[in-house]
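Only the coordinates and a few stated rules stand behind these numbers; no lab work does. Just so it is clear, the model here is predicted, and its values are computed rather than measured. Every residue, glycine as well, gets a Cβ built from its backbone with ideal geometry; the counts of neighbours run over all protein chains shown.
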Amino acid sequence: MIYKVCSKGVWEEMRQLASWNGSAADLRDGFIHFSTEAQLEGTVRKHYVGQPDLKLLAIDADRLGDALKWETSRGGDLFPHLYGPLPISTVLSAQDLAVLPDGTIDSQRLLPAE
């Protein structure tokens, strides 16, 4: 399982599509950025503090095939990068994501994805 954080508006747009090409940052970098569960809080702290109305998408990484690459990024960690569109059928869940002022995830408001 890998994760993507996006706005609720982006998620609503994605739900109308068969596949999604990524955010402006993803398109600029040439791949769709994802995080593992262990990397998620660091990603949120770096990119999403102060942003309201976020969604956390849980993605079935096994269904992304060879287009998913694990590449060294922040802190030397291997991050999942998708070189190609994201099939919306691989999104297993989309949950509201609350970020506290210090950048931590409000886990009491986050239900486990199944």
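Here are the numbers for this structure:
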{"item": "Sole residue being on the phi > 0 side of the Ramachandran plot and surrounded by fewer than 18 Cβ atoms within 10 Å (Cβ to Cβ), chosen from G30, G22, G9, G42", "result": "G30"}
{"item": "Residue in the stretch 61-76 that is of a type in the set (A, V, I, L, M, F, W, C), closer than 12 Å to K4 by Cα, crowded, with 16+ Cβ neighbours inside 10 Å and touching a Leu at 6+ places or on another chain (Cβ under 9 Å) present", "result": "yes"}
{"item": "Members of the stretch 3-27 found to be aliphatic (A, V, I, L, M) and over 11 Å from K55 (Cβ atoms), listed by number", "result": "L17, A18, A24, A25, L27"}
{"item": "Failed item in (1) out of contact with any Lys or Arg (no Cβ under 8 Å at 6 or more places or on another chain); (2) of a type in the set (A, V, I, L, M); (3) closer than 21 Å to R74 by Cα, with A18 passing the rest", "result": "(3)"}
{"item": "Filtered residues of the stretch 1-28 (kept if within 12 Å of G84 (Cα to Cα) and either of a type in the set (D, E, K, R) or not in a helix (DSSP H, G or I) (or both))", "result": "S19, W20, N21, G22, D26"}
{"item": "Residues located in the stretch 29-73, provided they are part of a loop (DSSP other than H, G, I, E, B) and of a type outside the set (G, A, S)", "result": "F31, F34, T36, Y48, V49, Q51, P52, D53, D60"}
{"item": "Matching residues in the stretch 43-54 - criterion: being under 12 Å from the mean Cα position of the chain (by Cα) and farther than 16 Å from E71 by Cα", "result": "V44, H47, Y48, L54"}
